[in-house]
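The values are calculated or read from the model by the stated rules, or taken from the named source; none is laboratory data. Just so it is clear, the structure is predicted and the values come from calculations on it, not from any experiment. All Cβ positions, even for glycine, are placed from backbone atoms using ideal geometry, and neighbour counts span all protein chains on display.
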């Protein structure tokens, strides 16, 4: 065995040993440092993902109703404005349905607000499952929803409204009591503002309530409601 590489004196041997130990310590420190850097990189990546998730959730909260998960009134209005411009540009029909739970306050008072929330969620699910992907559903107020129907004239909107009314009435959302909705429908008139369209749907809804609830009513134009077409529950 060639021993020419070995230190020639005790001092040299000690120096070599010290250098070797320093090298081992330095290597260990570097390995630990690299591992820590990797951990910090993973933690930073996880922190970025968590921050992105939080931002997405916050963005979702600003666009959707916290209880039902459908669009909130602001987001619904923004979408409706964009759809209005498209329909006016290409002269496509556009209709809206204003849907309100009948006796919703009585449900809350009789069964409690938690049951009322479940009923509201159930109605939202039934509505969502019955509409097209191009349609838009938003929560309008406490027990009310607004449904935007692009490429839909009033006649078809009324047919859908009646289908939705019947579906909710037969849903058994409450075990010992039927759940009913009243629905007002309106279709966009030439050069009509979006707010006016919503108001006409709400006017039709109010008239449906006055006529006994659990029915649909369409607002044809600016004519008095007494002359407008309605559909009673059967």
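Kindly establish whether residue 21 is part of a loop (DSSP other than H, G, I, E, B) and either at pLDDT below 95 or not assigned by TED's automatic domain parsing to the domain that holds residue 208 (or both). Even if it seems obvious, please write down each step before you answer.
Numbers: part of a loop (DSSP other than H, G, I, E, B): no; either at pLDDT below 95 or not assigned by TED's automatic domain parsing to the domain that holds residue 208 (or both): yes.
No: the conditions fail for residue 21.
For the range 84-105, filtering for residues that are surrounded by 12 or more Cβ atoms within 10 Å (Cβ to Cβ) and either under 18 Å from the mean Cα position of the chain (by Cα) or under 22 Å from residue 209 (Cα atoms) (or both) leaves 10.
From 139, 165, 125, which residue is outside any helix (DSSP H, G or I), at pLDDT 95 or above and out of contact with any helix residue (DSSP H, G or I) (no Cβ under 6 Å at 6 or more places or on another chain)?
Numbers: 165 fails: outside any helix (DSSP H, G or I); 125 fails: outside any helix (DSSP H, G or I).
After applying the criteria, what remains is 139.
Answer yes or no: is there a residue in the range 142-155 that is within 19 Å of residue 108 (Cβ to Cβ), free of Cβ contacts under 8 Å to residues at least 60 places away in the same chain, assigned to a loop (DSSP other than H, G, I, E, B) and touching a strand residue (DSSP E or B) at 6+ places or on another chain (Cβ under 9 Å). Within the range 142-155 (the criterion being within 19 Å of residue 108 (Cβ to Cβ), free of Cβ contacts under 8 Å to residues at least 60 places away in the same chain, assigned to a loop (DSSP other than H, G, I, E, B) and touching a strand residue (DSSP E or B) at 6+ places or on another chain (Cβ under 9 Å)), the answer is yes, since at least one residue qualifies. Please go through the range 181-199 and give me each residue that is buried (at least 16 other Cβ atoms within 10 Å of the Cβ) and under 15 Å from residue 100 (Cβ atoms), ordered by number. Those that are buried (at least 16 other Cβ atoms within 10 Å of the Cβ) and under 15 Å from residue 100 (Cβ atoms): 181, 182, 183, 184, 185, 186, 198. Kindly indicate whether residue 68 is touching a strand residue (DSSP E or B) at 6+ places or on another chain (Cβ under 7 Å) and either at pLDDT below 90 or farther than 25 Å from residue 218 by Cα (or both). Spelling it out, residue 68 is indeed touching a strand residue (DSSP E or B) at 6+ places or on another chain (Cβ under 7 Å) and either at pLDDT below 90 or farther than 25 Å from residue 218 by Cα (or both).
Among the candidates 177, 170, single out the residue that is at pLDDT below 95 and out of contact with any helix residue (DSSP H, G or I) (no Cβ under 9 Å at 6 or more places or on another chain).
Working: 177 fails: out of contact with any helix residue (DSSP H, G or I) (no Cβ under 9 Å at 6 or more places or on another chain).
Residue meeting the stated conditions: 170.
Residues in the range 93-120 that are under 29 Å from residue 154 (Cβ atoms) and assigned to a helix (DSSP H, G or I): 104, 119, 120.
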